[in-house]
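**Q** Below is a structure I'd like to ask you about.
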Amino acid sequence: MSAPRAAPLLRVGLAAAPEHELWLLPQRAVWWPAQATLLVADVHLGKGAALRAGGVPVPAGSSGDDLGRLSRLLRRWNARRLVVLGDWLHARSGHTPALQSMLKRWRAQHAEVAIVLVRGNHDRHAGVPSAELGIEVVDEPLALGPWCGRHAPPVGPGANAPALCGHVHPVAVLRGAGRERLRLPCFVLQRQALVLPAFGSLTGGWTVPSGAQTARVVVADEALYAVEPDVPSPWRWLP
């Protein structure tokens with residue numbers, strides 16, 4: 001089945017596990033309805049503070065905005081679990097007392113939500129979240145039904161299950177007839193992985209080229225656009 005040209009969300013699943021499906025959301029997140037689980041990648045909380053500490057003049061408030069967006073998603077879908085596919089925190093220098101206080105208030109608002117962090121490369125340097133936040137930190141891979149949760153996309157053959165992952169902050173470059181050029185965050189479906197766009201608002205991106213075994217779904221104006229209509233096996237679009 002081909003994906004629609006534009007949609008408020010897109011459903012994708014595995015041919016071998018039709019009872020499971022994932023919903024790609026334009027808020028740069030994935031919803032797993034069967035498990036009431038929200039998945040995000042690369043939040044990079046505290047990045048603004050870390051950049052300012054290094055002399056880069058970026059405005060304050062990005063971490064608060066990102067936590068606010070995450071709160072709206074958790075409430076919108078009545079999530080019971082949040083899985084962060086790596087890089088919850090950006091750097092040790094960005095883990096300021098102000099951010100710690102903000103995180104305590106945010107966690108208290110979602111005390112009923114179980115949170116699991118798949119340790120990413122930035123998490124290893126920034127340190128684990130404070131124990132009082134009640135975030136379970138695990139190494140990859142994390143078993144998630146027919147999928148596995150990782151931070152980085154798998155390299156080479158041999159993956160036991162398709163990976164849900166992040167790390168590369170994928171973006172797609174679209175060009176128009178009048179030499180217009182748009183660079184937009186995107187989901188990437190490949191044979192071994194569904195790569196999520198970075199959730200954090202102060203993240204850069206890696207340009208993903210088109211390819212026979214790659215399907216990109218860009219995020220624009222609170223909608224999703226399938227650049228390539230067909231997805232590689234074992235993925236399939238669901239009605």
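**Q** Given points 7 Å out from each Cα along the Cα-Cβ axis, report the Glu21 to Met102 separation in nanometres with one decimal.
**A** Simple spin-label model gives 3.6 nm for this pair.
**Q** Let me spell out the model: positive unit charges on the Cβ of Lys and Arg, negative unit charges on the Cβ of Asp and Glu, origin at the Cα centre of the chain. What dipole size does that give, in debye rounded to 20?
**A** Its charge dipole is roughly 400 debye.
**Q** So for the pair Arg179, Asp230, with labels modelled 7 Å out along Cα→Cβ, what separation do we get in nm?
**A** Output for this residue pair reads 3.5 nm.
**Q** Could you give each residue of region 206-216 its phi-based ³J(HN,Hα) in whole Hz, using Karplus coefficients 6.51, -1.76, 1.60 with θ = phi - 60°, and x for Gly or Pro?
**A** Ordered by residue, 3J(HN,Hα) equals 9, 6, 9, x, 6, x, 5, 10, 9, 10, 10 Hz.
**Q** Between Arg80, Arg105, Arg175, which gets the highest mean-square fluctuation from a Gaussian network model of the chain, Cα cutoff 10 Å?
**A** Arg175
**Q** What is the extension gain from Trp206 to Asn160, computed as 0.36 nm multiplied by their sequence separation minus the C-alpha to C-alpha distance, in nm to one decimal? Please report the intermediate quantities before stating the final value.
**A** Values: separation 46, 0.36 × 46 = 16.56 nm, distance 2.58 nm.
Full extension from Trp206 to Asn160 adds 14.0 nm.
**Q** Okay, moving on. What is the chain's relative contact order, in percent, from Cα pairs under 8 angstrom and six or more apart in sequence?
**A** Details: 555 pairs, mean separation 58.9, N = 239.
For the chain, the relative contact order is 25 percent.
**Q** Let me ask another. If R0 is 30 Å, what FRET efficiency do you get for Val138 and Gln109 from their C-beta distance, rounded to 0.05?
**A** Calculated transfer efficiency: 0.80.
**Q** When the chain is modelled as a GNM with alpha-carbon springs shorter than 10 Å, which of Pro229, Pro141, Pro153 fluctuates the most?
**A** Ranking Pro229, Pro141, Pro153 by mean-square fluctuation puts Pro229 first.
**Q** Let me ask something additional. As I understand it, the dipole of region 131-239 uses +1 on the Cβ of Lys and Arg and -1 on the Cβ of Asp and Glu, about the Cα centre. Which of Ala143, Thr203, Pro232 lies farthest toward its positive end?
**A** Farthest towards the positive pole: Pro232.
**Q** Suppose only helical runs count, i.e. DSSP H with n ≥ 4. What mean residue ellipticity at 222 nm does that imply for the chain under -39500 (n - 2.57) per run, divided by all residues and rounded to the nearest 500 deg cm²/dmol?
**A** Theoretical 222 nm ellipticity from helices: -5000 deg cm²/dmol.
Each value in this text was obtained by applying a stated rule to the coordinates, not by laboratory testing. None of the values given here were measured: they were computed from a predicted structure. Every residue, glycine as well, gets a Cβ built from its backbone with ideal geometry; the counts of neighbours run over all protein chains shown.
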